[in-house]
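Any read-out appearing in this document is the output of simple, stated calculations on the displayed coordinates, not a laboratory observation. Please read these numbers as outputs of a predicted model, since none were measured by experiment. No Cβ is skipped: glycine too gets one built from the backbone with ideal geometry, and neighbour counts run over all protein chains shown.
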Amino acid sequence: MIPELGHFALIVALAIALVQGTLPLVGVAQRIPGFIALARPAAQGLFLFVAFAFGCLAWSFYSNDFSVLNVATNSNSKLPTAYRIAATWGSHEGSLLLWVLMLSGWMLAVSVFSRSLPQDMLARILGVMGLIAVGFLSFMLFTSSPFERLLPAAADGRDLNPLLQDPGMVFHPPMLYMGYVGFSVAFSFAIAALLDGRLDATWARWSRPWTTAAWVFLTIGIALGSFWAYYELGWGGWWFWDPVENASFMPWLIGTALIHSLAVTEKRGAFKTWTVLLAIIAFSLSLLGTFLVRSGVLTSVHAFATDPKRGIFILCFLAVVIGGSLSLYAWRANRVAPGGRFELLSRESMLLANSVLLLVACGAVMLGTLYPLFLDALGLGKISVGPPYFDSVFMPLMAPAILLAGIGPLVAWRRGEPAQLLRPLRWVAIVALIGALFVPLAFGRWAALTSVGLLLAFWIFAGTLAALVVRFRSTTRMTPAFLGMLLAHAGIGVFVIGVTLVKSYETERDLRMAPGDTATLGGYSFRFDGVREVRGPNYEAARGAITVQRDGQTIAQLAPEKRVYLVQRNPMTEAAIDAGISRDVYVALGDAVDAGGAGGTDAAAWTVRIHIKPFIRWIWIGCLMMAFGGVLAASDRRYRIATRRQEDASNPDATLLRRGAA
Amino acid sequence: MKRFLWPLAIFILLVGFLAVGLNLNPREVPSPLVGKPAPAFDLPVLHQPDKRFVPADMRGKVWLLNVWASWCVSCREEHPLLVEMSKKGVLPILGLNYKDKGEDAQRWLKQFGNPYQLSVVDADGRIGIDYGVYGVPETYLIDAEGVIRFKQIGPITPAVLEQKILPLAMALRK
């Protein structure tokens, strides 16, 4: 009964979405106040029904209702409760429902927190979001219903893919989807503004906190995914340039460009068409990501069940949404008044250069991701593009972007003074050079790329600090937005340090160890104390015991596992990590090796892989700093003060800009 | 207006490629082994560990070598198809039991049916390396001269069987 209620709630939600996606838009165009007023209650009703449907599916998982096909294929009665709930979004159907839940959640937030928005603007925004909801709800109802029944019911479920049985599964997909779907708000703001024909500073101010919030979620989501891959996949990598990773990284790059471009549009009224285009692209890439993951056009480690029929549906939806909005853009963008002028040396030009670099970097990632598909489609053969391409193309594009981010905050709007810039710049350069030359000495091995990475990191640290000092000495107030920006920039530096030091100084050994054997790596000694059998709730595992010592002191007892999940029978590696700020000691247990063929825990020896990863935590700490910086920026008070267009007109700066442009 | 049309033009091109891509299968990786003699091996037979099998024993026949394991979930997907094929006697199917335990493998065959004339045991996966096994299941079509003619990565689907394997096998028999 409960699954049917959920299914019915989805149908009602589709009906509401149809109303929300049409009547308010018609209402604005035809000036029908009753239709315009529909947008807000419709959005709130839609959220209620989608949330109810989601609750029904979660309940079916929680109560082990194996008469639901989705539950039977993705859960098991022995699965721990937290993972049973998380299994709700473990399948294609369930993750779509999560997508729509997030979308309606953002709609609810827009309808609640946008009291200051004019009614017709709000109606347009919610109307556009309603249309997106129509697409996804019909996709779900027509091709992939999560509530399909399985008759007769299965006795027990086929279990959740063991790779997904991890705390990461509980947090990573919801965060990532919040980010993905959050860009639909910026997108809807942009489309509403294009329809309205008024793209101005007020529009930018409205959409900034929403865009930043979405970006924060996406940043956390990607960082969590990377951290999860690091400890779960068993070989210590943290980023693989896998198509699915790229699918989430591309909107992040564009989203980063967008939040910077929005700043210019808000503060200086410039780059309006550029900002709108970025908002459209950011959400388009979220949709493209959904298509790539769900249609099976590319191979990936994220091997979800794929179905070409679904692919065609998403592709058509993609063509309508993105094609439609880009057509609207082509039609309307030329009517937008040009913004304020700026000199070559100005914060505007720095931000423009940065967003172009980010766009090009995103293009490079996209080319690498889709290149196998292009070649295949043209009949030129099958290839796969791997990390070497991405590393060699992406890094040179990001290096100038990081250099610009280091000094951007030091340059004044409109027209920077070279003399004023030069003084702090000297210090920044000196600090960066010292860091680049001397830090590698501490590690005892020098390489050109290591120095380049450290140079970038110290450059951005010093630049950020200089911007803080300059602001502190000046009369301008220290705002949360400004501090947030600096914190996020410092986060990039922390991230770059982590990446550089791990790439340059990580060490690893593959060993064959019998109980009692000792090996050394990087000043640590590892004693293998054997393997014993342990049972988890739904798996059996061989658990190794390794004692890590340094200078005779025991610093950690590590217990890497090799698990076999009872239902799906595939082996999983659970690495054991001794985490630290300056290094991680990472141990993974391989296969049993023995001549006798006995196998199991009484094997004579095991393969063991040991890594020492210096400063790897800094990668994720940096991401968290970026995200927290975004939180600070989005929470800035001025976004909460009701802003109206009249205020904008009375702002002398803005009128000056208009006149200057006319 | 023209410059604002560029994003749309690029997007239309992209959609074109994606549409074509939908009809292609990225998992269809051409194997360098297709057209080459099947790598030789000498392995014990699953049900009679004291007997050994070499591919040369199948000289003069067109046959399928199916890589399987009891821990492999996708193998269960294609298994009914293999059982049906063996009942009809379409093609001789031999199994390569890959990185598996003997007792698990035998129990699995008892449970799901045994479509194989015989299975050989590749316990440590060494022969799998020679054959370039990406993942289990994989299937090789080998002709009368012992040359690999076709390789399927992943489960055999009825479509692959009808459209690729069977026509090719018929042609090879002549």
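General remarks:
- Chain A: C-alpha gyration tensor shape, a/c 1.5 cut-off, then a/b vs b/c: oblate
- Ascending count of other beta-carbon atoms within 10 Å, so fewest first, for B:LYS2, B:LYS151, B:LYS101: B:LYS2, B:LYS101, B:LYS151
- Between A:VAL593 and A:ALA605, A:TRP606, A:THR607, the built amide H atoms are under 5 Å apart, and every one of these is 5 or more places off in sequence or on another chain.
- Dipole orientation for the protein assembly as shown: of the candidates B:LEU118, B:LEU172, A:PRO146, A:PRO146 has the Cα lying most toward the positive pole (charges on Cβ; Lys, Arg +1; Asp, Glu -1).
- Phi angles across the range A:338-350 convert, under the Karplus curve 6.51 cos²θ - 1.76 cosθ + 1.60 with θ = phi - 60°, into 3J(HN,Hα) values of x, x, x, 7, 8, 7, 5, 9, 7, 5, 4, 5, 5 Hz, Gly and Pro given as x.
- The range A:145-223 - Rg and Dmax from Cα coordinates, angstrom: 19.5, 60
- Counting only other chain Cβ atoms within 10 Å of each residue's Cβ, the peptide A:487-493 averages 0.
- Taking every alpha-carbon pair within the range A:507-615, the share separated by more than 24 Å comes to 24 percent.
- Annotation: amide H of A:ILE555 within the under-5 Å range of A:VAL548, A:GLN549, A:ARG550, sequence separation 5 or more or interchain, hydrogens built in the peptide plane.
- Selection among A:THR202, A:LEU326, A:ILE16 by position relative to the dipole of chain A gives A:THR202 as farthest towards the positive end (Cβ unit charges, Cα centre).
- Overall form of chain B per C-alpha gyration tensor (a/c, 1.5; a/b vs b/c): prolate
- Each Cα pair under 8 Å and six or more residues apart adds its separation to the average, and for chain A the resulting relative contact order is 12 percent.
- The sum of -39500 (n - 2.57) across all DSSP H runs of n ≥ 4, divided by the residue count of chain A, sets its helix-only mean residue ellipticity at 222 nm to -22000 deg cm²/dmol.
- Other protein chain C-beta atoms within 10 Å of residue C-beta, averaged over A:365-375: 2.
- Residue by residue, the range B:6-19 carries 3J(HN,Hα) couplings of 3, x, 5, 4, 4, 5, 4, 4, 4, 4, x, 5, 5, 5 Hz when phi is fed to the Karplus relation 6.51 cos²θ - 1.76 cosθ + 1.60 (θ = phi - 60°); x denotes Gly or Pro.
- In the range A:466-513, a dipole from Cβ-located charges (positive for Lys and Arg, negative for Asp and Glu) runs towards its positive end, and of A:ILE497, A:MET485, A:SER474 it is A:SER474 whose Cα lies farthest in that direction.
- Amide H to amide H, with H built 1.01 Å from N, A:ARG583 comes under 5 Å of A:PHE615, counting only residues 5 or more places away or on other chains.
- One way to sum up the overall shape of the range B:61-138 is the equivalent ellipsoid from its Cα gyration tensor, whose semi-axes run 18, 15, 11 Å, largest first.
- From the Kirkwood radius over Cα pairs of the range A:1-165, Stokes-Einstein at 37 °C and 0.692 mPa s returns a whole-number translational diffusion coefficient of 200 µm²/s.
- Taking the protein assembly as shown as a whole, the Cys residues whose C-beta sits 4.7 Å or farther from every other Cys C-beta are A:CYS56, A:CYS316, A:CYS362, A:CYS623.
- When each of B:VAL160, A:VAL28 is scored by the number of other beta-carbon atoms lying within 10 Å, the sequence from fewest to most is B:VAL160, A:VAL28.
- Taken residue by residue and averaged, Cβ atoms of other chains lying within 10 Å of the Cβ of A:494-501 number 0.
- In order through the range A:268-278: 3J(HN,Hα) via Karplus (6.51 cos²θ - 1.76 cosθ + 1.60), integer Hz, x for Gly, Pro: 10, x, 9, 6, 4, 5, 5, 4, 4, 4, 4
- Overall form of the range B:128-174 per C-alpha gyration tensor (a/c, 1.5; a/b vs b/c): oblate
- This model, with +1 at the C-beta of Lys and Arg and -1 at the C-beta of Asp and Glu, gives the protein assembly as shown a dipole about its Cα centre of some 2860 debye.
- Fewest-first sequence of B:ARG59, A:ARG550 by Cβ atoms within 10 Å of each Cβ: B:ARG59, A:ARG550
- Label-point separation in nm, A:SER392 to B:GLU77, each point 7 Å along Cα→Cβ: 3.5 nm
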